[in-house]
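Written out below as structure tokens is the structure these notes cover.
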């Protein structure tokens, strides 16, 4: 190759410094968060069926939120949790929060504080909602909890669980009217331990990466799911509580567009160079 | 409980750490290295605490209550620590062999069923659906895609003729799969950046932003000057 | 099924097509040697438990071959991992390899580095090592999850030649995009056998092909029958 | 002795777990279940090995005054703080939650989100129409990206539908073939282990 082409514009287009891409990506995410342009977000069928399912539950039903999420996926999963918890509160459903990942109880606590205004000090704590904390052991722990939810002695804050009203009518997972799985790793284990043996309907609050793994169970075992941050944004619209997910959607659009533009730019440089080379 | 001031300090701390970690995007530097090492210490320490709690709650407490079964894993895992002995080094292999045996045994048994036979079963689709060209085409793509991709990995010899064509089709299907997976994951990772940036907009973390911008500007100017003065510092 | 094939195939060296990505391992070692810079190997964040176990084992098996070669050429080696229980095994493998190459004195215990049990703390550590130690070749062979693109892209930015291999299907695209060579899914399991050149191990790969053909045959037959509404093959798989 | 005993342990335990999965024999099921929980405890205890060697590497770095000893010192200090506070106050204590929320959470998600930046630069560099394969990968990725973000719908309402089709049909085919292949590969690896040919995991190298 001749050295002169090194200064060529096509060469420049084909070899942009990665740091330029990093910076532009950061700007494309940061700007719409400050100045949203409000593109409409369409609502997909899995989100609608999730919403309809919860709408159809009689008030006072027991719903379990299973936090199987790590801190790393919180930006995707937590907005979903907030939207779900709001919906459950509006429908006056009872919420049992339990965690199968060590980071889970922290986010369970945060959800209560964000939606109800307080967690363990709220007058309804123990009546309408409870944070049972983390149970170690992965799928084995799920199996144990599904068989006997009262196996847990103390909640996350160290209160004796048996004194709390919400736990009284429970005998097994059959008493759960819905299981919300908040996860960035898998739902298969919940289907195996709750869905199949106890017939508990499952809703997935999952990361976008996980969606391809949820699809085989939808709609038979998993009655609905939210697709990452976008799913959260859709749900925020349905429960009429626009939040950080909806605010993030424009940033999402801008970032996707930017990367597609970069792919095109890179290819233009590449193709032009390739067609020129023979001459 | 933690008061309001602690909350503000927390926001500042987490915002600062985020920016320190992001400084790596410009290049590896002392600030990003410090963030990396704080993270290593914190996360590893947290992992130790949780593991210790798990062993304590699930093995030590039952043992103290008289369930002697738990003495077996507790004692045999001590053999692992012969790793540090020069003479009886090999003893670590006994508990490791047990861990591997149970670990692979569990997977292989379940996997042969869920991954192989269940997947074959799910792929047994009719190749022609009457009056439904859409599903016919979809079924054909799935069935020939699976077949082709399976054959694509054929190790015994190079493929030729019609099997080559089938394997090529399989390869293209695999490429679509990889592309789709890339696109889906990209959305997820952008969400994470959004989450970080949103947390930086919270007061008082937002006061860090102009500070970071100035620092990055200085770093760029510094690097430019270094580049112009020919090779003063041979290191970087 | 495979056991039968095993017995019948002992004593005959089966032919295997060339796997370019595995052959590239030698190329990578050669490059690191020429440049006098280290080679980084990681079996990923897996341990010996659950789905990651076989991938970790396959990765360690490749490490044995890599370490032997590296010992011969006296190329600096760095091995990182995230599960503490695999540390003794890794040390053992690398030590034995140096011994087998007749160079036990070249083994440096500092080259075996546990980083952290937490996924992204591990990632941060590896990314730091790739840059600081100016790694010339980066081999990622084992179980990888969300950190794959971070390590692979950091390796690229550090200017390393890279080979990625994992059977975690969701991560293969990132290796495809960022690495020079990729072992796609099951090629990972074949790698150890391929490198060993041991006839019996190679026979196992041939056995793998037989199972593959049988599965394909079931598929073809089942689909043809399903087209005419007959489902007894599907029923057979219900067991 | 040094190899045969561990090899025998592995083989027996693999066979035990496989029998447990396919046969419902109460004795075997109980023994297998006990081994499973015992192993969880054993791998938790193994974390100690990691801590010892991690500390060793960093202490050596500081003692020998190698580059980056300041960073090593910071890492040892944070490690000690997190272990001590966790051991003394317990992992559910508000101060531990505070440390977790303000140190581990931001760094965890900041590190993970680096993946987003790196995916962007990798996509720019690698998604070139070099070959038919590369082009297919690129097109599929772009369609899915457009299908996921609201901007795709704003351009053309067909993007979400097309991207869903890609996920449902060709993607399903590809993923199925991959996981079937992996199951076959794993089976072959396990059989090699059971026959005693694959001993790499016992420190023999191959």
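A compact table of results
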{"item": "Test for residue B:48: is it touching a helix residue (DSSP H, G or I) at 6+ places or on another chain (Cβ under 7 Å), within 7 Å of chain D (Cβ to nearest Cβ) and modelled with pLDDT under 80", "result": "no"}
{"item": "Filter result (more than 14 Å from chain D (Cβ to nearest Cβ) and touching a strand residue (DSSP E or B) at 6+ places or on another chain (Cβ under 6 Å)) within the range C:30-68", "result": "C:31, C:32, C:38, C:39, C:40, C:42, C:44"}
{"item": "Hits in the range A:98-131 - residues which are buried (at least 19 other Cβ atoms within 10 Å of the Cβ) and over 18 Å from residue A:70 (Cβ atoms)", "result": "A:112, A:115, A:119, A:125, A:129, A:130"}
{"item": "Among the candidates A:169, A:197, A:219, residue that is surrounded by fewer than 17 Cβ atoms within 10 Å (Cβ to Cβ), part of a helix (DSSP H, G or I) and assigned by TED's automatic domain parsing to the domain that holds residue A:139", "result": "A:197"}
{"item": "Residue in the range D:16-33 that is surrounded by the fewest Cβ atoms within 10 Å (Cβ to Cβ), counting only those that are without any contact (Cβ under 8 Å) to a residue 12 or more places away in the chain and at the interface with chain B (Cβ under 7 Å from one of its Cβ atoms)", "result": "D:22"}
{"item": "Only listed residue being more than 20 Å from residue A:170 (Cβ to Cβ) and either part of a helix (DSSP H, G or I) or touching a helix residue (DSSP H, G or I) at 6+ places or on another chain (Cβ under 9 Å) (or both), chosen from A:89, A:127", "result": "A:89"}
{"item": "Meets criteria (more than 7 Å from every other protein chain (Cβ to nearest Cβ), assigned to a helix (DSSP H, G or I), surrounded by 24 or more Cβ atoms within 10 Å (Cβ to Cβ) and within 19 Å of the chain's Cα centre (by Cα)) for residue C:89", "result": "no"}
{"item": "Residue D:164 vs. criteria farther than 30 Å from residue A:274 by Cα, touching a residue at least 12 places away in the same chain (Cβ under 8 Å), surrounded by fewer than 24 Cβ atoms within 10 Å (Cβ to Cβ) and more than 13 Å from chain C (Cβ to nearest Cβ)", "result": "yes"}
{"item": "Scan of the range B:104-143 for residues that are modelled with pLDDT of 80 or more and over 29 Å from residue D:162 (Cβ atoms), ordered by number", "result": "B:104, B:105"}
{"item": "Flag for residue D:13 being more than 22 Å from the chain's Cα centre (by Cα) and either in contact (Cβ under 8 Å) with a residue 24 or more places away in the chain or in a helix (DSSP H, G or I) (or both)", "result": "yes"}
{"item": "All positions within the range D:86-95 that are assigned to a helix (DSSP H, G or I) and surrounded by fewer than 19 Cβ atoms within 10 Å (Cβ to Cβ)", "result": "D:87, D:88, D:89, D:94, D:95"}
{"item": "Subset of the range A:58-76 [in contact with a helix residue (DSSP H, G or I) (Cβ under 9 Å, 6 or more places away or on another chain) and either away from chain B (no Cβ under 14 Å) or under 27 Å from residue A:174 (Cβ atoms) (or both)]", "result": "A:62, A:63, A:64, A:65, A:66, A:67, A:68, A:69"}
{"item": "Residue within the range C:137-151 that is farther than 17 Å from residue D:112 by Cα, assigned by TED's automatic domain parsing to the domain that holds residue C:63 and assigned to a loop (DSSP other than H, G, I, E, B) present", "result": "no"}
{"item": "Residue that is in contact (Cβ under 8 Å) with a residue 24 or more places away in the chain and either more than 7 Å from chain B (Cβ to nearest Cβ) or surrounded by 22 or more Cβ atoms within 10 Å (Cβ to Cβ) (or both), where the choices are D:70, D:107, D:79", "result": "D:79"}
{"item": "Candidates D:141, D:177, D:149, filtered to the one that is buried (at least 24 other Cβ atoms within 10 Å of the Cβ) and touching a residue at least 12 places away in the same chain (Cβ under 8 Å)", "result": "D:141"}
{"item": "Residues satisfying the stated conditions in the range C:140-169, i.e. facing chain D (nearest Cβ under 10 Å), under 16 Å from the mean Cα position of the chain (by Cα) and surrounded by fewer than 24 Cβ atoms within 10 Å (Cβ to Cβ)", "result": "C:168, C:169"}
{"item": "Test for residue B:112: is it surrounded by fewer than 24 Cβ atoms within 10 Å (Cβ to Cβ), within 26 Å of the chain's Cα centre (by Cα) and at the interface with another protein chain (Cβ under 7 Å from one of its Cβ atoms)", "result": "yes"}
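The rows are residues; the columns are (1) assigned to a helix (DSSP H, G or I); (2) at pLDDT below 85; (3) within 28 Å of the chain's Cα centre (by Cα); (4) over 19 Å from residue C:86 (Cα atoms).
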residue: D:7; (1), (2), (3), (4): yes, yes, yes, no
residue: D:17; (1), (2), (3), (4): yes, yes, yes, yes
residue: D:34; (1), (2), (3), (4): yes, yes, yes, yes
residue: D:40; (1), (2), (3), (4): yes, yes, yes, no
residue: D:56; (1), (2), (3), (4): yes, no, yes, no
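The values are calculated or read from the model by the stated rules, or taken from the named source; none is laboratory data. Note that the coordinates shown come from a computational prediction; the quantities given were computed from them, not determined experimentally. Neighbour counts are summed over all protein chains in view; Cβ atoms, including those assigned to glycine, are modelled from backbone coordinates with ideal geometry.
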